[in-house]
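Below is one structure, written out as structure tokens; the observations come after it.
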Amino acid sequence: MTTKPKISKAELADQFRTFVDADFVITDDETMKPYECDGMSMYCEMPLLVVLPETVTQVQRIMRICHEYGVPVVARGAGTGLSAGAMPNKEGVVLSLAKFNRILHIDPLARTANLQPGVRNLAISEEAAQYGLYYGPDPSSQIACTIGGNVAENSGGVHCLKYGLTVHNILSVEMVTAEGDVVTVGSDGLDGCGMDLLALLTGSEGLLGIVTEVKIRLLPKPEVAQVVMAGFDSVQKAGDAVGGIISHGIIPAGLEMMDGYAIVAADDFAGAGYPREAKALLLCEVDGTEEEVHEHIAEAEAVFRKLGATSVRTSQSEQERALLWLGRKSAFPAVGRISPDYYCMDGTIPRRHIAFVLAEMEKMSEEFGLRVANVFHAGDGNLHPLILFDANVPGEFERTEAFGASILKMCVDVGGCITGEHGVGVEKIRQMAIQFSDQELEQFHDVKAAFDPAGILNPGKGVPALKFCQEYRSLEYKQHKHEHTEAAHG
Amino acid sequence: MADISQQLQEQVLQARSGGEKLNIVGGGTKAFMGREPSPDAGTLNVGGHTGIVDYHPVELVMTVRAGTPLSDIEAALAEQGQAMHCEPPHFGPDSTIGGTLACNLSGPARPWAGSVRDQVLGIRLLNGKGEQLRFGGEVMKNVAGYDVSRLQAGALGTLGVITEISMKVMPGPAASLTLVQDMTIDEVLHYMNSRAAEPKPITAACWVDGKVYLRLSGAKSAVEATAAKWSGEVMGNGQAFWRSVQDMQHEFFANDDSPLWRFSVNSTAANPAMEGKWFIDWAGSQRWFRGAGELGDMEPLARAAGGQVSLFRGGDRSGEVMHSQPNALKAIQRRVKNSFDPDGIFNPGRLYSWL
């Protein structure tokens, strides 16, 4: 754990300015303001200062100084994270990797790319397209989010079931350690010698090191992709249809579900021609060779019809496919239009519990007096409930948070987890105590200490302090007991 | 079907209090891997910890005790038309899932279907303090906490005892066929990589004895259409060939005592100039070498090819057998080991002499 740094803000800035362009050592509040939060803007903090190095050597020197003086360091990519993982530490430095924005090399034959961490996710596929290649993981924020942030969060997207997460699509990372050493973890080979530190680093939320280069694997762009849209008059039937497709032996490139609220909001926003009366909508994308897609699309249509779809529509052109996806991809802003604010949750559940979980969520919605819309990576069980609220109504955000916490607890109760792809950050740090025991959390702290003995990398994120967990659990227990007692009296 | 996790925990606690070391053994089929087991250590037998704990075919997830033989797992999956896509090698009927993960061993489909490490979703682990811990889960996406499950892949049991594994499984392919043709080692790397860069249903590519073998799997129509476009003869007994590659029963791997080296390198890198025989798998990413040499001499060649080398089987196993680690990573791995196993109970010196 960090104690108060042994260096003043002015001294630290002066030290950085000896080797970083003075304009990129930011110390005034006005210029630092955009750094006070990431995509989870409910959590804000002003940092001590912000520094934007442009070479690995500069990153090393920054880390050495911060290590020497015990100054916290929060690495930051595009700041699109949704768990406040890049929220600054008020006594620490925000280390922005925005200037590391070059695609260093693409090897079309080996199907790999060397990237600086600030390269945007979508820019990789755009650049690789000339070779008939693309990068698999495609988080919704892909237009803005960076590969360094993707490594930190182990980002997914709509194509995970078939193409995997970030951890499945990277070969190596170059990283600056908390002590300022540069190490390369992984290699051009697929499986190296020794414990798999690359897997450990992926999704570690900036707590183990600063990634300064990433080597990724690229995939050949499928010949064809088509999407089948199926409407259902109940969530249960749509859930069964998801199982039906998979039992049939088809692994869709993407399999997304939306509930009634989300369907109407997305259709109003994007004009995608969704069946507005449906209670649940599935978008099932199949990709591959022409023959394979032809075969699987026909099978998928038949499965949906057999399992009670009230409408089935298959994209007949790239334009139509893009339109059908547009609704889904704009679901968040679309829901944003029907409410002053919304809070996006991110739990994962075993798919067989989808109908139960959505029904419970509806009950909670009434209990908390807040509306909820659901978009869902149905293929891999990743839920994104959007709780609608108004931050200007006193107490409503607190109620929203409590509602969100109840949803996450339910995810764990049915055998799932508190975060599928957004990370823990600050936002879900309390819920870690639901998913993990004290011994497990202590093991996480010990792993962290193996990389960062002084505890300067993104302190206070990802893994909660144990004392805090006991308090949270006992609070949960009391609440639970209280509900129990009320039910008994009711 | 037996849950012996309590017994395993007691044994670890006993070893800890008595200052003893433990060699972890599952089915005992991979005793040839890693450095020589420490002669002073007792044996912790996980082979009795067996059984499928949970399997929902629709979820594409199976949870299984670590001592369960691969063949039991594959039989249960096959009943549902599913499979472990990483095609783990069986070194006999007793090879277990726990050992497979600890050694991170995957078969010919690895570059396309992923490795056993890729398919792991969660584990239960007994650490060196005798604590039963659970990491990851039974769902495809889970980013809560560090990925301790995949960290075990290749650690050769040095971090703890894997007692249970949840993994992703997939439907088996509807159709499969193999194309074979003559090709020299100089031509084959470019050829295999070019084929892999095409959006076709390729799921294995290897070269041995002057012949290149490509496997196509997936929808029947796609497999047949691709085979008609690509050169090469359709092989009659393709399935048996790939099985022999997967289980390392191909004649290239015969004679267990002579050193077998494994190069894990950039798939397009020129083959290291060394006198001996090569078996090129994974479209060039994994290259097996039989011939004379020392680890220290081979490391620079592996590095130049973008990767690493290890002495997979045979040869002198009293010295290092794995590609050396730079000092900074050595220090981190020592500390990681210490965080899981502070008394150094598990598999001392099995992965590296210093671990």
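Computed from the coordinates by the stated procedures, all read-outs in this text should not be read as laboratory data. These figures come from a predicted structure and were not determined experimentally. Backbone-built Cβ (ideal geometry, glycine too); neighbour counts: all protein chains shown.
For an R0 of 45 angstrom, estimate the FRET efficiency from the Cβ-Cβ distance between B:Trp230 and B:Thr43 and round to the nearest 0.05.
Result of the calculation: an efficiency of 0.35.
Taking a point 7 angstrom from the Cα of A:Arg64 along the C-beta vector, which residues in the stretch A:425-452 have backbone N less than 20 Å away?
The answer is A:452, whose backbone nitrogens lie closer than 20 Å to the label point.
Run the dipole for the protein assembly as shown about the Cα centre, Lys and Arg Cβ at +1, Asp and Glu Cβ at -1, nothing else charged, and hand back the magnitude in debye, nearest 20.
Dipole about the Cα centre, nearest 20: 580 debye.
If we count every other residue with Cβ under 14 angstrom of B:Glu299's Cβ, Lys/Arg +1 and Asp/Glu -1, where does the sum land?
The answer is -1.
To the nearest 20 debye, what charge dipole does chain B have about its Cα centre, counting +1 at the Cβ of each Lys and Arg and -1 at the Cβ of each Asp and Glu?
Charge dipole, chain B, about its Cα centre: 760 debye, nearest 20.
Separation of the stretch B:1-43 and the stretch A:410-453 by C-alpha centroid, Å?
Using only Cα atoms, the two centres lie 29 Å from each other.
Expressed as an acute angle from 0 to 90° and rounded to the nearest 10, what is the orientation of the C-alpha long axis of helix B:185-196 relative to the principal long axis of chain B?
Between helix and principal axis, roughly 80 degrees.
Under a Cβ-Cβ cut-off of 12 Å, what is the net charge of the residues other than A:Glu213 that fall near it, where Lys and Arg count +1 and Asp and Glu count -1?
+1
Extension gain A:Ala129-A:Asp390, at 0.36 nm per residue separation less the Cα-Cα distance, in nm?
89.7 nm
Counting pairs of alpha carbon atoms under 8 Å apart in space and at least six apart in sequence, what relative contact order in percent does chain A give?
14 percent
Indicate the gyration tensor shape class of chain B (rounded, prolate or oblate), computed on the Cα atoms with a ≥ b ≥ c the square roots of the eigenvalues: a/c under 1.5 is rounded; otherwise a/b larger than b/c is prolate and the rest oblate.
In terms of gyration-tensor shape, oblate.
Taking the number of other C-beta atoms within 10 Å as the exposure measure, put B:Phe263, B:Phe241 in order starting with the fewest.
Placing the least packed residue first, the sequence is B:Phe241, B:Phe263.
Is the shape of the protein assembly as shown best called rounded, prolate or oblate, per the rule: a/c under 1.5 gives rounded, else a/b larger than b/c gives prolate, else oblate, with a ≥ b ≥ c the square roots of the Cα gyration tensor eigenvalues?
Rounded.
If you take the charge dipole of the stretch B:174-314 about its Cα centre, with +1 on Lys and Arg Cβ and -1 on Asp and Glu Cβ, which of B:Tyr191, B:Leu311, B:Val208 is farthest toward its positive end?
B:Tyr191
For the stretch B:299-355 and the stretch B:170-247, write down the distance between their C-alpha centroids in whole Å.
With the stretch B:299-355 and the stretch B:170-247 each reduced to a Cα centre, they are spaced 34 Å.
Rank the residues B:Val161, A:Val293, A:Val176 as a footprinting-exposure proxy: fewest other Cβ atoms within 10 Å of their Cβ go first.
A:Val293, A:Val176, B:Val161
Nearest 20 debye, what's the magnitude of the dipole of chain A about its Cα centre given +1 on Lys and Arg Cβ and -1 on Asp and Glu Cβ?
My answer is approximately 320 debye.
Is the shape of the stretch A:9-96 rounded, prolate or oblate, going by the alpha carbon gyration tensor and its root eigenvalues a ≥ b ≥ c, with a/c under 1.5 for rounded and a/b larger than b/c for prolate?
It is prolate, given that a/c is not under 1.5 and a/b is the larger ratio.
To the nearest Å, what is the center-to-center distance of the stretch A:306-339 and the stretch A:166-213, using C-alpha atoms only?
The two parts, judged by their Cα centres, are 37 Å apart.
List the residues of the stretch B:287-320 whose backbone N lies under 16 Å from a point placed 7 Å from the Cα of B:Ser353 along the Cα-to-Cβ direction.
Once the point is set 7 Å along Cα→Cβ of B:Ser353, B:294-297, B:311, B:316-320 turn out to lie under 16 Å by backbone N, inside the stretch B:287-320.
Would you mind calculating the relative contact order of chain B from Cα pairs under 8 angstrom and at least 6 residues apart, reporting the percent as a whole number?
19 percent
Compute the length gained on full extension between A:Ala302 and A:His105: take 0.36 nm times their separation in residues and subtract their Cα-Cα distance, giving the result in nm to one decimal.
66.5 nm
Taking the dipole about the Cα centre of chain B, with the C-beta of Lys and Arg at +1 and of Asp and Glu at -1, give me whichever of B:Gly81, B:Pro111, B:Ser258 is farthest to the positive side.
Value computed over the given set: B:Pro111.
Could you point to the residue in A:Ile418, A:Val393, A:Gly381 farthest towards the positive end of the stretch A:339-428's charge dipole, with +1 and -1 charges on the Cβ of Lys/Arg and Asp/Glu respectively?
The residue sitting most towards the positive pole is A:Gly381.
When Lys and Arg each count +1 and Asp and Glu each count -1, what net charge do the other residues less than 9 Å away from A:Asp390, Cβ to Cβ, add up to?
Net local charge, A:Asp390 excluded: -2.
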